[in-house]
1. Which numbered condition trips up Thr54, out of (1) in contact with a Cys (Cβ under 8 Å, 6 or more places away or on another chain); (2) under 11 Å from Val91 (Cα atoms); (3) not charged (D, E, K, R)?
2. Condition check: among the aromatic types (Phe, Trp, Tyr), surrounded by 12 or more Cβ atoms within 10 Å (Cβ to Cβ) and part of a helix (DSSP H, G or I). Does Tyr24 satisfy that?
3. Among the listed residues Thr54, Thr40, which satisfies the condition of being in contact with a Ser or Thr (Cβ under 8 Å, 6 or more places away or on another chain) and either polar (S, T, N, Q) or touching a residue at least 12 places away in the same chain (Cβ under 8 Å) (or both)?
Amino acid sequence: MSFSYTQGFMSCEDSVMEKNANLYSLIFVAIAVAMFFAQTLEGLMFSISGERLTERVRKEAFKAYLRQDVHFFDDPANSTGALSTRLSVEVAAIKGVSCIF
């Protein structure tokens with residue numbers, strides 16, 4: 001079947017072949033432009049959702065820290081520096097998983 005299609009395309013006149021080639025070239029360019037905008041939009045949406053997820057997780061973790069008993073902060077593993085490091089590093093790892101960038 002593809003052989004007959006190829007023979008039909010090759011047996012056309014030069015003007016018809018040029019018209020078909022221009023049409024198919026234009027279609028490929030249109031598809032490329034559409035894919036460019038689709039990929040850009042996809043990256044933008046994943047970045048926005050990753051930022052929102054990171055912000056929400058960071059807020060919830062901070063709220064959980066504020067609800068802890070005073071004895072929780074006496075442990076050296078839960079010092080101020082350790083907790084702030086945990087907020088920045090571990091929550092940023094979630095963003096790295098959720099985003100493509």
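None of the figures in this text is laboratory data; all of them are computed from the coordinates on show. Being a predicted model, the structure only gives us computed values, none of them experimental. Backbone-built Cβ (ideal geometry, glycine too); neighbour counts: all protein chains shown.
1. (1)
2. On the way: among the aromatic types (Phe, Trp, Tyr): yes; surrounded by 12 or more Cβ atoms within 10 Å (Cβ to Cβ): no; part of a helix (DSSP H, G or I): yes.
No.
3. On the way: Thr40 fails: in contact with a Ser or Thr (Cβ under 8 Å, 6 or more places away or on another chain).
Of the residues listed, the single one that is in contact with a Ser or Thr (Cβ under 8 Å, 6 or more places away or on another chain) and either polar (S, T, N, Q) or touching a residue at least 12 places away in the same chain (Cβ under 8 Å) (or both) is Thr54.
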